[in-house]
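Participant: For reference, the structure I am asking about is given below.
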Amino acid sequence: MNVVSRLAAIPIRLRLTLAFAVAMAVVLAATGLFLYVRLGDSLDRTIDQSLRERTADVGALARQSDSRLAERGASIAQILDPGGSVVDSTPELGRPLLTRSEIARAQRAQIEIPSRDVPGSDEPARLLARPVDTQRGRVVVVVGTSLETRSETLGGLLLALLIGGPLALALASFAGYGLAAAALRPVESMRREAESVSAAEPGRRLPLPPAHDETRRLAKTLNGMLGRLESALARERRFVSDASHELRTPLASLRTELELALRRERTREEMESALRSAAEETERLSQLAEDLLVLARSETGTLPVRVERLAAGELVAGVQQRYERRAAAAQRPLDAQIEKGLEISVDRLRAEQALGNLVENALRHGRGRIRLQAQRRNGHVELHVRDEGPGFAPEFIPHAFERFSRSDQARAGAGAGLGLAIVDVIARAHGGSAHAENLAGGADVWLELPEPLRAA
């Protein structure tokens, strides 16, 4: 674990260089070993071929009655009889080159002695022995060659590998470090730029490397993330600013009412009027705080919904009953139209809150009759609230469900601009959506919710 933590503390370019150096060392070692073994095999094949040719030549001499190896000047050659005595030999050899057991084997078939010390030579020699039939009977012909040349050739190759290998490894490591540094240079540039990015300078982005590779795609991804973070931060700032503005208005009204009530002595009726006004502003503050809480929960994905299956008529009737008195006081007919047998799966309190917001919006900004309608369409359940007012401004409809969004036409007025945003949040929490459009006379706002599965 300590080694891993130490390696993690090393810069990436050094870790890449170290990994590259280890890989190159393995490759160079394997290549050197391969060359050494292949050269040794090649030299052995050459030596064996030469020994076979010399064996044939010495065998031809052995068949002649007056063969003289000493006069021929052969380097290492002997002719041995079956008893192990030397019949003929090159100078300085003297004793037989083979043991009695080796002579016995050589009389039956060709044998090879890979390495054997011979008189008159400081280097071992490779021997090849084979039987030859002559007029005097079967003899054993032994030829050999010094392994000095082979040893020198392999030693020279080994020395070259030991000197050139580390040099090649060092050059490759330097080249690997340079490549790693060049590859990570755009990342370092992005790091320095990212370090200087702050909320005080919106719009700053990381530099895009010229190469169309993974680093460029990473920079694009990070720039996209910065854009999303800026948008989220801007929304939060706008939310806080709008919320502060909306809270300031009822608080100022409440403070004014209380200050006026305390400025001089008031009659009982005046005090009751001031308290009722203060209670209304307090209720507005409470509702605004509840709406802000719902929106805050929706931002974190923790808006709780407890889904239950119920008749759409039961839900609509509850909302209709709640607003009947206010609609009658405003001389606004409030009726409902429910598709027979229609059921929905919703959180009842949240669904009533959403429908209530739509009715509240129609009472506050619309005119004429208000109609609640529940119907099934294209595999969804739609809960509509229609009125006969002036409708929405066309440019407002795409932004109708944004927080603190209010139309500039006749539908503008009192309110914080959170009602439709709450409707949209509740619809999305149920896996649905919210929509708004203008009719020939009035406006239509509705929730589109998934249709519940039918019981088997």
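The values are calculated or read from the model by the stated rules, or taken from the named source; none is laboratory data. The structure displayed is predicted, hence computed values, not measured ones. Cβ sites come from the backbone with ideal geometry, for glycine too, and all protein chains shown count toward neighbours. For the accessible areas, the whole protein counts, side chains as well, though only heavy atoms, and no ligand, DNA or RNA atoms are used. Shrake-Rupley method; radii C 1.70, N 1.55, O 1.52, S 1.80 Å.
Participant: Looking at (1) open to solvent by 50 Å² or more (accessible area, probe 1.4 Å); (2) out of contact with any Leu (no Cβ under 8 Å at 6 or more places or on another chain); (3) assigned to a loop (DSSP other than H, G, I, E, B), which one does L93 not meet, given that it meets all the others?
Facilitator: Tallying (1) open to solvent by 50 Å² or more (accessible area, probe 1.4 Å); (2) out of contact with any Leu (no Cβ under 8 Å at 6 or more places or on another chain); (3) assigned to a loop (DSSP other than H, G, I, E, B), L93 fails exactly one: (1).
Participant: A further question follows. For segment 55-68, what are the residues that are modelled with pLDDT under 70 and either surrounded by 13 or more Cβ atoms within 10 Å (Cβ to Cβ) or in a helix (DSSP H, G or I) (or both)?
Facilitator: Once the filter is applied, which keeps residues that are modelled with pLDDT under 70 and either surrounded by 13 or more Cβ atoms within 10 Å (Cβ to Cβ) or in a helix (DSSP H, G or I) (or both), segment 55-68 yields only S67.
Participant: Can you tell me which residues in segment 171-202 are touching a residue at least 24 places away in the same chain (Cβ under 8 Å), under 26 Å from L226 (Cα atoms) and more than 26 Å from the chain's Cα centre (by Cα)?
Facilitator: A199, P202
Participant: Considering only residues that are open to solvent by 90 Å² or more (accessible area, probe 1.4 Å) and either modelled with pLDDT of 80 or more or assigned to a helix (DSSP H, G or I) (or both), which ones fall in segment 179-203?
Facilitator: L179, R185, R191, R192, E195, listed by residue number.
Participant: Using the structure shown, decide if A175 is assigned to a helix (DSSP H, G or I) and open to solvent by less than 50 Å² (accessible area, probe 1.4 Å). Don't jump to the end; show me each part of the working.
Facilitator: Working: assigned to a helix (DSSP H, G or I): yes; open to solvent by less than 50 Å² (accessible area, probe 1.4 Å): no.
The answer is no for A175.
Participant: Return the residue satisfying two criteria in turn: it lies in segment 96-122 and is without any contact (Cβ under 8 Å) to a residue 24 or more places away in the chain and among the basic types (K, R), and of such residues it is surrounded by the most Cβ atoms within 10 Å (Cβ to Cβ).
Facilitator: R105
Participant: Contact list please: Cβ distance under 7 Å, first residue in segment 10-22 and over 18 Å from A168 (Cα atoms), second residue open to solvent by 80 Å² or more (accessible area, probe 1.4 Å) and part of a helix (DSSP H, G or I), pairs at least six apart or on different chains.
Facilitator: From residues that are over 18 Å from A168 (Cα atoms), the pairs are R13/Y177.
Participant: Of all residues being open to solvent by less than 60 Å² (accessible area, probe 1.4 Å) and without any contact (Cβ under 8 Å) to a residue 24 or more places away in the chain in segment 161-170, which is farthest from I47 (Cα to Cα)? Just the residue, please. Steps first, answer last, please.
Facilitator: First, pick out the residues of segment 161-170 that are open to solvent by less than 60 Å² (accessible area, probe 1.4 Å): 161, 164-165, 168-170.
Going one step further and asking which of them are without any contact (Cβ under 8 Å) to a residue 24 or more places away in the chain, we end up with 164, 170.
On the way: G164: 28, A170: 37 Å.
The qualifying residue farthest from I47 (Cα to Cα) is A170.
Participant: Also, I was wondering about something else. Restricting segment 350-372 to residues that are of a type outside the set (G, A, S) and without any contact (Cβ under 8 Å) to a residue 40 or more places away in the chain, which is farthest from E451 (Cα to Cα)?
Facilitator: R369
Participant: Cβ contacts < 8 Å: first residue over 16 Å from A125 (Cβ atoms), restricted to segment 29-50; second residue β-branched (V, I, T) and assigned to a helix (DSSP H, G or I), any location; separation 6+ or different chain. Result?
Facilitator: Pairs that qualify, where the first residue is over 16 Å from A125 (Cβ atoms) and the partner is β-branched (V, I, T) and assigned to a helix (DSSP H, G or I), are L39/T153.
Participant: Can R309 be described as among the basic types (K, R), modelled with pLDDT of 70 or more and within 50 Å of the chain's Cα centre (by Cα)?
Facilitator: Yes, satisfied.
Participant: If I filter segment 336-357 for residues that are open to solvent by 60 Å² or more (accessible area, probe 1.4 Å), among the polar types (S, T, N, Q) and at pLDDT below 85, do I get at least one hit?
Facilitator: No: zero hits.
Participant: Another one. Can you name every residue in segment 217-230 that is surrounded by 14 or more Cβ atoms within 10 Å (Cβ to Cβ) and more than 21 Å from P11 (Cα to Cα)?
Facilitator: Selection gives L222, N223, L226, E230.
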